[in-house]
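Each remark here refers to the structure printed beneath this line.
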Amino acid sequence: VFVNDQFLNWDPENKIKVRIVSARAYHSLFMHNMCIRPTPEELEDFGTPDFTIYNAGQFPCNRYTHYMTSSTSIDLNLARREMVILGTQYAGEMKKGLFSVMHYLMPKRQILSLHSGCNMGKDGDVALFFGLSGTGKTTLSTDHNRYLIGDDEHCWSENGVSNIEGGCYAKCIDLSGEKEPDIFNAIKFGAVLENVVFDEHNREVDYTDKSVTENTRAAYPIEYIPNAKIPCVGPHPKNAILLACDAFGVLPPVSKLNLAQTMYHFISGYTALVAGTEEGIKEPQATFSACFGAAFIMLHPTKYAAMLAEKMQKHGATGWLVNTGWSGGSYGSGNRIRLPYTRKIIDAIHSGSLLNAKFKKTEVFGLEIPTEVEGVPSEILDPMNTWSDKDVYKETLLKLGGLFRKNFDVFASYKIGKDSKLTEEILAAGPVF
């Protein structure tokens, strides 16, 4: 049995002590990388943990137990402050289980827990990156011109932002030293690789091989990234960047959001999944995950949205919607927006130059889009320009607008914040047609 005593949250006033008891060395090393590692002195007087995980993932749970439908169970008991994992050896259950716990404990202290990446410029300007899997959250928050505060889980308190974790969990499908040098070089002794295929003789990893799964991963301590900011804390964010990989190809590469629009898109948590190929037909599928992390949130999504609105207003942060997906057509006919262009857009957000651009409003979603961004071809900034068939573009835009509306219906009756004024503004910030 392996026992890890570690911390969550780099904010010294709000750090949580966790103990992980696991039956596999792999699980122990994974959590050693992912949590904050105590110093020998901190370990000496660690005391009683605030939360304990028992990971016996090799042992199936009894599926004949009443209400059990499988031999896998992840049980969380907030009263006992314990979590028990049975019947699954996926290490990510521990990471995300603790994230769920933080989504419960932190808001009780008026601290906002966020599923986001975070980095800081040389002048101390902090940006948050929200986005579901495959939108570029890890790639875009790992920027060698800026300090990395964290790639996935953060808290925003009265003191500023702090990383919950002490490590990174990066996707490594098609990873290369040219495209993502920082992540590529962070995979060295001590890092954990999952689901990758490698040559048993020379131990060379083939990052293009997805025969096990496309979801290949690397877990490594955050200090393996050369420009990580240790301790992983920063001042209040200036920008909140909401990432969507739009496979319908109708969202602009970048738009500036007002507060109500930021809340609308934060609660929606949109991205698109690319479905499998059937007779050459490739149909994108919209997916929505409230607060960009519906699986982990413990309270109603509108609670987190109200906290985010309050903090953004108080500290003067700007919201942005960045599409890292398709342009000039849907998946299968259009092209993915080139990463160098997205990086130029993000650079312009960081530098503040994008705030001074000229903006025009789009139809349906009512998004403010810049007429030019340095280093990005102006014609791609308005998605309508990139489609050869304008009628199909309009049809697709209305289709996506309808999916947003349908998804948001469940939130329409909830009051956000102290009065219903903000609620009405948020509802009005959705697509209009």
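The values are calculated or read from the model by the stated rules, or taken from the named source; none is laboratory data. Computed from a predicted structure; not experimentally measured. When we count neighbours, we look across all protein chains shown, and the Cβ atoms used for this are built from the backbone with ideal geometry, even at glycine. Remember, those area values only see protein heavy atoms, side chains included, never the ligands or the DNA or RNA. Shrake-Rupley method; radii C 1.70, N 1.55, O 1.52, S 1.80 Å.
Along the Cα→Cβ direction, 7 angstrom out, place labels at LYS303 and LYS415. What is the inter-label distance in nm? Between LYS303 and LYS415, the label points sit 1.7 nm apart. Just so you know, the averaged projected area of the alpha carbon convex hull for region 203-294 sits at 10.1 nm².
Provide the packing ranking of 92-102, 234-244, i.e. peptides ordered by the mean count of other C-beta atoms within 10 Å per residue, highest first. Don't skip to the answer; put the middle values down first.
Numbers: 92-102: 20.9, 234-244: 22.7.
Going from most to least packed, we get 234-244, 92-102.
Size check on region 174-217: the Cα extents along the three principal axes, sorted descending, read 25, 21, 16 Å. Ranked from largest, the principal axis spans of the Cα set of region 71-130 equal 50, 27, 14 Å.
Which order do TYR169, TYR104 take by accessible area at a 1.4 Å probe, largest first?
TYR104, TYR169
For the chain, with all protein chains in place and a probe radius of 1.4 Å, 51% of the accessible heavy-atom surface sits on carbon or sulfur. Each 5 Å bin from zero holds the following percent of Cα-Cα pairs in region 137-204: 3, 13, 22, 24, 16, 9, 7, 3, 1, 1, 0. Phi angles of region 34-50 translate, via the Karplus equation with coefficients 6.51, -1.76, 1.60 and θ = phi - 60°, into HN-Hα couplings of 8, 8, 8, 7, x, 6, x, 5, 5, 5, 3, 10, 5, x, 7, x, 7 Hz per residue; Gly and Pro are given as x. Computing FRET efficiency as 1/(1 + (r/R0)^6) for ARG109 and GLU424, where r is the C-beta to C-beta distance and R0 is 35 Å, gives about 0.75. When Rg and the Kirkwood Rh are both derived from Cα coordinates, the Rg/Rh ratio for region 306-433 amounts to 0.99.
Sorted on the mean count of surrounding Cβ atoms within 10 Å across their residues, most packed first, peptides 294-302, 315-323 read 315-323, 294-302.
Cross-link partners for LYS108 among the aspartates and glutamates, with Cα-Cα distance under 14 Å and sequence neighbours closer than 8 places in the same chain left out: GLU158. Computed from Cα atoms alone, the Kirkwood hydrodynamic radius reported for region 325-394 is 12.9 Å. Rounded to the nearest Hz, the phi-derived 3J(HN,Hα) couplings of region 156-165 under the Karplus curve 6.51 cos²θ - 1.76 cosθ + 1.60 (θ = phi - 60°) are 10, 10, 5, 8, x, 9, 9, 6, 7, 9, where x marks glycine and proline.
Can you give the log10 of the normalised intensity I(q)/I(0) at q = 0.21 Å⁻¹, computed with Debye over equal Cα scatterers of region 296-367? Values, matching the q order: -1.12. With the convex hull of the Cα atoms taken as the outline of region 55-100, the averaged projected area works out to 3.4 nm². Volume per residue of the convex hull around the Cα atoms, evaluated for the chain, comes out as 171 Å³.
Sorted into 10 angstrom bins from 0, the C-alpha pair distances of region 216-362 split as 10, 30, 37, 19, 3, 0 percent. If R₀ is 25 angstrom, what is the calculated FRET efficiency for the pair GLU223 and VAL197, using the beta carbon separation as r and rounding to 0.05? Computed FRET efficiency for GLU223 and VAL197 comes out at 0.35. Taking Lys and Arg as +1 and Asp and Glu as -1, the other residues whose beta-carbon sits under 11 Å from that of LYS238 total -2. For the chain, the solvent-accessible area with a 1.4 angstrom probe is 46 square angstrom per residue.
Taking every alpha-carbon pair within region 1-149, the share separated by more than 21 Å comes to 54 percent.
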